[in-house]
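J.: Pasting in a structure now, in structure tokens, and then I'll have a few things to ask.
The values are calculated or read from the model by the stated rules, or taken from the named source; none is laboratory data. This one's a predicted model, so the numbers in the text were calculated from it and none came from an experiment. Glycine gets a Cβ as well: all are built from the backbone with ideal geometry, and neighbour counts include every protein chain shown. Just the protein is used for accessible areas: all its heavy atoms, side chains included, with ligands, DNA and RNA removed. Shrake-Rupley method; radii C 1.70, N 1.55, O 1.52, S 1.80 Å.
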Amino acid sequence: MEKTYTVSVFTENSIGILNRITIIFTRRHLNIDSITASESEVKGVFRYTIVLKTTGEQVNKVVGQIEKLVDVLKAFVHQEEEIVHQEIALYKIKTDKLTNGEVEKVIRENYARILTVDPLFMVIEKTGHVAETQLLFENLKPFGILEFARSGRVAVTKPMKELSTYLKELETKK
């Protein structure tokens, strides 16, 4: 049965590593729903957070393949209940829509905030899960959305050894 999985991949910072990782998904005909990349808590180690819908068997095979890549230090599979996650969405609408008070009401009801107000446009920010950012999108649609952008998932795990612990274990195995 297909479920949503979050894959955390920790790598060295090398050119082309993201391409090599995504090719593994492509070869298995798996679609990536979102991907984010950032530095991790360990200096010189980067974290890729990949979200996809597939079966447990498929995601475990993919992670096994990813871990075989030279620059990959460790990869983990997480189910929804094992992580805390958020996304950020930005919405740009015309400033003149702010005058009637309806936009402000929608912003407050959705726990969003105004980042900037320009004479021609304003930018609204919302953090939350996809359903929450999508709901605000639907609520702002009648006011005319000029631009919309949503990040990929940013996640931390609930039960997990610290990455530095895994790195120390890798060092002792060498």
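J.: Give the residues of segment 44-53 that are open to solvent by less than 30 Å² (accessible area, probe 1.4 Å) and over 12 Å from residue 7 (Cα atoms), sorted by residue number.
T.: Matches in segment 44-53: 45 only.
J.: Any residue at all in segment 117-125 that is aromatic (Phe, Trp, Tyr), assigned to a strand (DSSP E or B) and surrounded by 14 or more Cβ atoms within 10 Å (Cβ to Cβ)?
T.: So far as segment 117-125 goes, yes, one or more of its residues are aromatic (Phe, Trp, Tyr), assigned to a strand (DSSP E or B) and surrounded by 14 or more Cβ atoms within 10 Å (Cβ to Cβ).
J.: Residues in segment 56-89 that are over 30 Å from residue 126 (Cβ atoms) and among the polar types (S, T, N, Q): how many?
T.: The number of residues fulfilling the criteria is 3.
J.: Of the residues that make up segment 54-69, is at least one surrounded by 14 or more Cβ atoms within 10 Å (Cβ to Cβ), within 30 Å of residue 111 (Cα to Cα) and of a type outside the set (Gly, Ala, Ser)?
T.: No, segment 54-69 has no match at all.
J.: For segment 9-43, what are the residues that are open to solvent by 90 Å² or more (accessible area, probe 1.4 Å), over 19 Å from residue 57 (Cβ atoms) and of a type in the set (Val, Ile, Thr)?
T.: 15
J.: Related question: Residues being over 30 Å from residue 54 (Cβ atoms) and open to solvent by less than 40 Å² (accessible area, probe 1.4 Å): count how many of those fall in segment 72-103. Step through it out loud before you land on a result.
T.: The initial filter retains those residues of segment 72-103 that are over 30 Å from residue 54 (Cβ atoms), namely 91-103.
Now drop any that are not open to solvent by less than 40 Å² (accessible area, probe 1.4 Å), which leaves 91, 93, 95, 101, 103.
Counting residues in segment 72-103 that are over 30 Å from residue 54 (Cβ atoms) and open to solvent by less than 40 Å² (accessible area, probe 1.4 Å) gives 5.
J.: Considering only strands (runs of 3 or more DSSP E) fully contained in segment 1-96, which possess at least 3 residues that are free of Cβ contacts under 8 Å to residues at least 40 places away in the same chain and not hydroxyl-bearing (Ser, Thr, Tyr)? Step through it out loud before you land on a result.
T.: On the way: elements: 3-12, 32-39, 45-54, 72-79, 83-94.
Once the strands (runs of 3 or more DSSP E) in segment 1-96 are filtered for at least 3 residues that are free of Cβ contacts under 8 Å to residues at least 40 places away in the same chain and not hydroxyl-bearing (Ser, Thr, Tyr), what remains is 32-39.
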